[in-house]
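FYI, it's all coordinate maths here, none of it is from the lab. What you see is a predicted model; the values in this text were computed from it and never measured. Backbone-built Cβ (ideal geometry, glycine too); neighbour counts: all protein chains shown.
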Amino acid sequence: MIELPVLSDAELNAEKPRARFWRSMSHLKNDAEYQASVNSEFMPEAAQAPSGSSRRQFLQLMGASMALAGLSACRRPVEVIVPYSRQPEEVLEGVPMKYATGMNFRGVYKPLLLESHQGRPTRIGGNVEHPTSRGNAGLFEQGSILNMYDPDRSQLVLNDGAQVTWADFVRFVNEYRVTASRRNVAVLAAPSSSPTLAAVKQNFLTAFPNSRWFDYRAEGDDMRTLGMQMAFGAPYRVDYKMGNAEVIFSLDGNFLSETSTDHEFITRGYADSRRVMDVGDTMSRLYVAESYYTTTGSMADHRVRVRSSDIPAFAAALAAQIRGTAALGTPFDDHPVIAAAAEDLIAAGPNALIVAGDAQPPEVHALAMALNSELGAIGTTVRFLDAGTEPITPQAEKIDELFRDLRAGALDTVIMLDVNPVLDLPELADLLRRVDTTIHLGTHVDETASSVRWHLPIAHYLEAWEDGRSYDGTLSASQPLIAPLYEDAKSMIEVVNLLATGLDNTGYDLVRQTWRDVLPADKFESSWRRVLHDGFLPNTPYPDVTDAVSLRPEAISPELPVAPEGVELVFRLSGQVLDGSYANNAWMQELPDVITKIVWDNVATMSPKTAVALGVESNLEKGQHFSDWLTLTLDGTSITIPVWILPGHADNSITLDLGFGRQIASSRAVRKAKWFGFDTDHKIDIYGQGALGSGVGVNVSPLRANFDNLTLDATIVKAERERYMIATTQDHGVLNMEKRPLAIMATMSEYQANPNLAKDMVPTLPKAEDWDEYPTLWEDRAPATDLAYKDNPYYQNQWGMVIDLNTCMGCNACIVACQAENNVQVIGKDQVSRGREMHWLRLDRYFISDSYEIESDNPKMMFLPVSCQHCENAPCESVCPVAATYHSPDGTNQMVYNRCIGTRYCANNCPYKVRRFNFYNWTKDLPLTVQMVQNPNVTVRSRGVMEKCTYCIQRIRKAQQQASLEKRNLRDGDIVSACQQACAADSIYFGDLNDPNSRVVKMKENNRRYELLPQINVKPRTSYMARLRNPNEKLEPAPTSA
Amino acid sequence: MPQLFPKKANMVPHLSLFGSLGGGVFLIAFVWYFFSPEYIDVGYAPEQPVPYSHELHAGQLGMDCRYCHSNVEVSAYSNIPPTQTCMNCHSQIKTASLALAPVRESWATGEPIEWVKVHHLADYAHFSHASHVNNGVGCETCHGRIDQMEVVWQAEPLSMGWCLECHRQPELWLRPNDEITTMGYVQPANYIERNIERIAREGIQPPSNCSACHY
């Protein structure tokens, strides 16, 4: 037996940790329950037999299925090839095409570039040439493709619940329009930036003179725009130039939120301001005062936990400090962070930026802009665009009016376009039933659809001709990539046009009609084709009105009262299902929440102290989390929701996610047990039990009055119910390396004092082995030096990856990108809670407390994306009895699925816990439409097969084949991994280590580079760059000795 | 007590030992051959919806493979031609042929013809036609004498071992790029030297590691 040197206890204890890294409250307590669940490679539940059945029964089943499989395998399956009848121009079978298109996301157009395989769109990326996207697409854009393939999408026109056709509806509209001028109509529409929709809407308003139209947002008003209306008298659009910012103060403003409409370029700008390549570089400083622990908070250099209700007072105190005026008597007058931040902001002057959050009243937004103006920041870090928005009336007033009219019977028609208001306003359902004509255009037969006369299925944006304006105003046109999957599905433009004119025009004609006014008449066809090809018309942003704005006096010192004591409720859009429109999307439901890592649920999130005060708990039991329930009551409405305890959350504050608790009708049959109950597949078939989003989580929206995102008036009591199991991945894949940091975080001053601190912080091997000199690594010290490897064409390229933790904001876009690219399957809540999740890339979220004592009030936070590290000395390879996982000559560690016999030895031996095992055949019963989203370039795995990150080997091979056809060498940048492509912050670098000029080699040479667990000498190909913080020395003096 | 077993019963253990050994060897040999793609797959000649004869078109008429399989040089997938390609000629020739009725029907209705796939690779094996035909692997090398097939049948096992035969020794199989579609191509006497020279010049290195095809 080989004796390996091990660290003795004395040596271990001698390594004094600088900070404590932990992943959950259970981890912090580190009790026996937690130890039991993380010490073994698989979670206690994961290695057990599949759902419900014992190991013996499992073996019986396997035996029986083997026998059956043996019989059925005797026949060769007959496959057919179906060529075109008439070949479309430019289509080459086997070569995917790319088309520019775009989607409407919360009223803003997002430019996209789609990959399509013979008319089957499979993957969404950002439009590389578009000024706002530059190739990045957020997680909602990427996930939206599964919305189109959703098997429970509404497919038929329904009249009083009976199936009719679009032609019936057209007939109805033509009869209905006879009395158009006498109709009292209310239209609730999803916000849109489409010029064509604006045009048909105008026609509609002319045809129906007694109508009113308003944009309906489930989350309520856009507070930022309301704030601008207050500050400048017009609802200007704010364009933050994060790249210019040196000091940022966020007042509950989660500007890095993945739900925001300007997510890609805010993220990109902020990442630019934080990017550090060497000790000489500077970095912006971020102060955050917030209630929930947001992604923005995780990036903060100084974070203050404060109730959202206290932010107005906090803002007033900050204003007083900046202006040097007398203290206002708020509880925050003497707050040390305010004093230090004010000084910092004043010093930064034009490069300062103050951002207010979505839950804050317009007054706070106005004051933030007034302060920006006083600091001289307007023009540098913040600019204003005139998006042509009409002055905004708060949505609550419009809804109140609607309810008044409905109760009085003053409306004879209500039209709801791509909105689902009954989810938020359940009492609307009964009122709608009393209205003469109700029309709903929607994605599902949902809450609203069941209380209307006419329900129309909406065409997905990939099936329809549309247009819109991106955040900066660039005019863009979007083309369909596929004919509507369901014949009667129509776009919003087509439906409004039908109502307005009675003509059943196609979206194509309507959109072209609008663009005839935009493009030069003499060259219309060629310009139109150009616009479709590019996806946008260059140089058409909204007018920049930065120099013309002037602050109104009420913005400078608005009334900002001190909030009373009490526990507040804060509502926000979900980072998974948004406002509920992604609720039936399997990828999004199974996406671990950025902070809590919870899947398939929403919870009432609170701080540990608040949980104690309310008498509720959430504990780990046998590897699963069980939570108490809370009943929240406001104005007679109450909901019961499980709790979640989040360290770093503000005390006396509870955060609730919107968009869950949906009720979606499904026309598919509910799947039952087969083979007298011996077949357990129905238990894991997420599509087998009706609409997968139905009944997931709790709908918290009805609790809100007037769409307020903030309330202090709720009654909160513990509900006496059995504890509820919550599936969270926060304790999955824990690398149990106490006192040895995996995620490295240091301050700028520490980094400047010791540029090599990352390498100094990670443990070293007892016997030094100099292996980090890339790219000679493979050449000299590769485990396999035999000729067979060197004589391989792939040997010339040695692939490697670097992830810059300094700019990783944990936005989850990479996870969805990986899922879409690599056919990663969705397995459902129960399976995730057993630790069987399939995501190849996991985003570990670490809390960091300064001392080693148990302390969880305001920990810092950082993210560590972990996928297969592609070790040179890969421990998985040496234990595979069938060589199914092996080392490719290009230095990557690859899985050969057809060889794998499922021993799981490799996963047992993987120090990073990144291997994923197909405990079931997740793909066996996928609905046909869901099968269509699979990437044809990646094998769809079956039961009993191990899988893991391949460094997107299919993209590497494709680029190699292309380069070989073009008789050239590979260039740096030919190969972009899916996660890298999605990363708006540009935190992921991938490339050839043998190319000394490649970006990845430059990153490998960076002094902040380190590897995970270097002491075990597995020599990972993926490296990380340590996270840096830039604290204010007044608040956090640099340690005297480095 | 009389002997229960005759003396020759002593042979039974030996016989059964040899029998089981021999039987084992036989069983292995049996499975080795009769379960192999070479036995099961070679010769697979399903009936097609249209009695299209490669023997006539590619053989007697001498049409180039790429007239119909036009993507083979640029795509991983060599396409089966659209009905349109058939109709290029058959709108003029044999317009009343009964055998061509499905083609005319497809052309009239726009409904595709459902051809039965003959050469089947497993989904976990990724293969690129373009990479092969541009590097000197002839159609004939894998598909056999298509020009002599009335009904297309599988001529080679298309098993991994068979792929590797060529990937390990490409010089035995390559031909000049302008002879790719030639049927019945006869290699010149010095073809191995010619191929070795070409392989060195063009850097043709067929990979033989797993992740070249399996991902």
Any idea what log10 I(q)/I(0) is at q = 0.15, 0.18 Å⁻¹ for the stretch A:640-738, Debye with uniform C-alpha scatterers and no solvent? -0.93, -1.10
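In percent, how large is the relative contact order of the stretch A:425-575, given Cα pairs closer than 8 Å and 6 or more residues apart? Show your work: numbers first, answer last.
Values: 152 pairs, mean separation 26.6, N = 151.
18 percent.
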Remind me, relative contact order of the stretch A:849-1003 in percent, using alpha carbon pairs under 8 angstrom and six or more residues apart? 15
Taking each residue in A:938-946, count the Cβ atoms of any other chain within 10 Å of its Cβ, then average. What number comes out? 2
Of the convex hull drawn through the C-alpha atoms of the stretch A:413-567, the volume per residue in Å³ is 226
Backbone HN-Hα couplings from phi across the stretch A:799-804 [Karplus 6.51/-1.76/1.60, Hz, Gly and Pro as x]: 7, x, 9, 10, 10, 8
Go ahead and collect, in residue order, the members of the stretch A:290-323 whose backbone nitrogen is under 12 Å from a label point 7 Å along the Cα-Cβ direction of A:E1036. A:298-304
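Between A:E343 and A:D31, what length comes free when the chain is fully extended (0.36 nm per residue of separation minus the Cα-Cα distance, one decimal in nm)? Walk me through the numbers on the way to the answer.
Details: separation 312, 0.36 × 312 = 112.32 nm, distance 4.40 nm.
Contour length minus Cα-Cα distance gives 107.9 nm.
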Once A:R434 and A:D713 are pulled to full extension, the length gained, defined as 0.36 nm per residue separation minus their Cα-Cα distance, is 97.2 nm
Sorted by chain and number, the residues with a modelled amide H under 5 Å from that of A:V382, at a separation of 5 or more or across chains, are A:K241
One can check that the equivalent ellipsoid of the stretch B:1-137, built from the alpha-carbon gyration tensor with semi-axes equal to the square roots of five times its eigenvalues, has lengths in Å, largest first, of 56, 20, 13
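Past 21 Å, Cα to Cα, is the threshold; run A:K98/A:K241; A:K29/A:K597; A:K622/A:K860 against it and keep the listed order. All intermediate terms of the calculation are to be shown ahead of the outcome.
Working: A:K98/A:K241 31 Å; A:K29/A:K597 19 Å; A:K622/A:K860 28 Å.
With Cα atoms farther than 21 Å apart: A:K98/A:K241; A:K622/A:K860.
Based on the alpha-carbon set only, what is the convex hull volume of the stretch A:497-655 divided per residue, in Å³?
Spelled out: Cα convex hull of the stretch A:497-655, divided by residues, is 289 Å³.
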Using a Förster distance of 60 Å, the FRET efficiency for B:A101-A:N909 (Cβ separation, nearest 0.05): 0.45
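Calculate how large, on average over all directions, the projected area of the Cα convex hull of the protein assembly as shown is; give the answer in nm² to one decimal.
On the way: hull surface 245.5 nm².
Spelled out: convex hull of the Cα atoms, projected over all directions, averaged, 61.4 nm².
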Step through the residues of the stretch A:118-134 one at a time and calculate ³J(HN,Hα) from phi using the Karplus curve (6.51 cos²θ - 1.76 cosθ + 1.60, θ = phi - 60°), rounding each to whole Hz and writing x for Gly and Pro. 6, x, 10, x, 10, 8, 10, x, x, 6, 4, 8, 6, x, 8, 8, 6
Using the Karplus curve 6.51 cos²θ - 1.76 cosθ + 1.60 with θ = phi - 60°, what ³J(HN,Hα) values do you get for each residue of the stretch B:180-191, in whole Hz, with x for Gly and Pro? 4, 8, 5, 9, x, 5, 9, 5, x, 4, 8, 5
Calculated FRET value between A:T764 and A:N203, using beta carbons and R₀ = 56 Å, to 0.05: 0.15
Cβ-derived FRET efficiency at R0 45 Å, A:D278 paired with A:L92, nearest 0.05: 0.45
Could you tell me whether the stretch A:917-966 comes out rounded, prolate or oblate from its Cα gyration tensor? Rule is a ≥ b ≥ c as square roots of the eigenvalues, rounded for a/c under 1.5, then prolate if a/b exceeds b/c, otherwise oblate. oblate
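Which value in Å is the Kirkwood Rh of the stretch A:198-272 over different Cα pairs? Walk me through the intermediate numbers first.
Values: mean 1/r = 0.0653 Å⁻¹.
Result for the stretch A:198-272 stands at 15.3 Å.
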Once you place label points 7 Å from the Cα toward the Cβ at A:V940 and A:S638, how far apart are they in nm? 4.8
Note: A:952-963 gets an average of partner chain Cβ contacts (10 Å, Cβ to Cβ) equal to 3
Search the structure for amide H atoms under 5 Å from the amide H of B:N71, placed 1.01 Å from N in the peptide plane, and list their residues when 5 or more places away or on another chain. B:N79
In Å, what Rg and Dmax follow from the Cα atoms of the stretch B:56-215? 17.9, 54
When the label point is put 7 Å from the Cα of A:A162 along its Cα-to-beta-carbon vector, which residues of the stretch A:436-457 have a backbone N closer than 11 Å? none
Order of A:K609, B:K8 - criterion: other Cβ atoms within 10 Å of each residue's Cβ, fewest first: B:K8, A:K609
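Would you work out the relative contact order for chain B, in percent, from Cα pairs under 8 angstrom that are 6 or more residues apart?
On the way: 221 pairs, mean separation 54.0, N = 215.
Across chain B, relative contact order equals 25 percent.
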Highest first, please rank the peptides B:99-109, A:952-962 by the mean number of other Cβ atoms sitting within 10 Å of their residues. A:952-962, B:99-109
Among A:L519, B:L172, rank each residue by its count of other Cβ atoms within 10 Å, from fewest to most, as a rough exposure measure. B:L172, A:L519
Label-point separation in nm, A:A753 to A:T325, each point 7 Å along Cα→Cβ: 4.1
If you bin the C-alpha pair distances of the stretch A:108-203 every 10 Å from 0, what whole percents do you get? 12, 25, 33, 21, 10
Take A:I399, A:I595, A:I1016 and order them by how many other Cβ atoms sit within 10 Å, fewest up front. A:I1016, A:I399, A:I595
Give me the one-decimal nm value for the distance between modelled label points at B:S91 and A:N969, 7 Å along each residue's Cα-to-Cβ direction. 5.0
Please sort by residue number the trypsin sites (Lys or Arg not before Pro) in the stretch A:636-738 whose DSSP state is loop and whose Cβ has at most 15 other Cβ atoms within 10 Å. A:R668, A:R671, A:K672
For A:V445, the residues 5 or more places away or on another chain with a placed amide H closer than 5 Å to its own amide H are A:S154, A:A665
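So how much slack lies between A:N174 and A:N898, counting 0.36 nm per residue of separation and subtracting their Cα-Cα distance, in nm? The partial results should precede the final answer.
Details: separation 724, 0.36 × 724 = 260.64 nm, distance 5.97 nm.
In short, 254.7 nm is gained.
Roughly how crowded by other chains is peptide A:83-91, in terms of the mean Cβ count from those chains within 10 Å of each of its Cβ atoms? All intermediate terms of the calculation are to be shown ahead of the outcome.
Details: counts 13, 11, 14, 8, 7, 1, 0, 0, 3.
Across the residues of A:83-91, the mean count of other-chain Cβ atoms within 10 Å is 6.
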What is the pair-distance distribution P(r) of the stretch A:645-696, computed from all Cα-Cα distances in 5 Å bins starting at 0, with each bin given as a whole percent? 4, 16, 16, 14, 12, 10, 9, 9, 7, 3, 1
